[in-house]
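Here the structure is laid out as structure tokens; the discussion comes afterwards.
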Amino acid sequence: MPSSIKQRILRILRLAPIVGLAACASSMAGPLPDPATDTPLAKAHGTATAVFAGGCFWGVEAVFENVKGVTDAVSGYSGGTLANPSYEQVSSGRTGHAESVRVTYDPSQVTYGQLLKVFFSVAHDPTQLNRQGPDSGTQYRSAIFYANADQQRVAQAYIAQLGGAKSFSRKIVTEVTPLKAFYPAEDYHQNYLVQHMDQPYIVFNDLPKLAALKDQLPALYKTR
């Protein structure tokens, strides 16, 4: 991200309403613990992918784009039955897809468990069933689409850990399901936040998530 855009984001973040920031984690009882079960950092640079769904993909994508070790985040659709669905088809709620984000990361810099901590802490509220903020429907559900047994093990263990610690005031409703396919969304959805930083939806719903990432998880916040 160019430094000029980064500075503009930071200026707008300072203007983001406090109520919007609080809404990012309204059901959290406090800072989340690190995952007790995780994959170790890799010894050599490489790439791995993770797919998460947590409401509108614009904000989730933007959060992960700003996480240390993440090299790319792509908005798209997962969990449905229709191949190569359009945004309009997914928005109907009849395809079974969820708006999702495919995160490409370097496992020598950030672990899958750390990505999960970001996902549960600031990317969305995992206690909202089939909705997220102002958006409702199964296409906005909370879900983790695991690509292998390690991701499944770490995700399920972390949800159990958070539940046992009563980290949220309500029950976590996040689905943990195998990744069958990921379909990138239309071009106009990619990097949407960066291109629409003054849009009211972005200012009230998504920019507070970036502020929360920077404030709550500084060790995972990407400095440029």
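Working with all protein chains in place, sort Arg170, Arg94 by solvent-accessible area computed with a 1.4 Å probe, largest first.
The most accessible residue leads, giving Arg94, Arg170.
Order the following by accessible area, largest value first: Asp135, Asp150, Asp206. Probe radius 1.4 Å; ligands, DNA and RNA are ignored.
Largest to smallest exposure gives the sequence Asp150, Asp135, Asp206.
Which percent of the accessible heavy-atom area of segment 21-98 goes to carbon and sulfur, probe 1.4 angstrom?
55
Considering only protein heavy atoms and a 1.4 Å probe, what is the carbon-and-sulfur percentage of the accessible area of segment 113-176?
Here carbon and sulfur together make up 50 percent of the probe-accessible area.
Using a 1.4 Å probe, what is the accessible area per residue for the chain, in Å²?
Here the residues of the chain average 45 Å² of exposed surface.
Identify which of the listed values of mean projected area of the Cα convex hull in nm² was calculated from the structure shown: (i) 13.8; (ii) 11.3; (iii) 12.4.
So the calculated entry is the one marked (ii).
Loop-only chymotrypsin sites (Phe, Trp or Tyr not before Pro) in segment 166-224, please: DSSP not H, G, I, E or B, and at most 12 other Cβ atoms within 10 Å.
Answer in residue order: no site qualifies.
Sort Thr47, Thr177 from largest to smallest accessible area, using a 1.4 Å probe on the heavy atoms of the protein chains.
So, going from the largest accessible area down, we get Thr47, Thr177.
Keeping all protein chains in position, work out how much accessible area Ile172 exposes to a 1.4 Å probe, and write it in Å² to the nearest 10.
Accessible surface of Ile172 is approximately 30 Å².
Relative contact order for the chain: what percent, with Cα pairs under 8 Å and sequence separation of 6 or more?
32
Between Thr177 and Asp150, what length in nm is gained on full extension when 0.36 nm per residue of separation is reduced by their alpha carbon distance?
Length gained, Thr177 through Asp150: 8.4 nm.
Measure off, as a whole percent, the carbon and sulfur share of the 1.4 Å-probe accessible area of segment 177-224, all protein chains present.
55
Please sort 78-84, 194-200 by packing, taking for each peptide the average over its residues of neighbouring beta carbons within 10 angstrom, highest first.
Order by mean packing, descending: 78-84, 194-200.
Listed here are the pairs Lys180/Lys209; Lys117/Lys166; Lys43/Lys68; Lys68/Lys214; Lys68/Lys209; Lys117/Lys214; which of them are more than 21 Å apart at the Cα?
Flagged as over cut-off: Lys180/Lys209.
Are there DSSP H segments in the chain that both extend 30 Å or more along their axis (alpha-carbon positions) and score a mean Kyte-Doolittle hydropathy of at least 0.0? List them, or say none.
none
The values are calculated or read from the model by the stated rules, or taken from the named source; none is laboratory data. Not measured: the values here are computed from a predicted model. All Cβ positions, glycine included, derive from the backbone under ideal geometry; neighbour counts span all protein chains shown. Note: accessible area is taken over every heavy atom of the protein model, side chains too, but ligands, DNA and RNA are not part of it. Shrake-Rupley method; radii C 1.70, N 1.55, O 1.52, S 1.80 Å.
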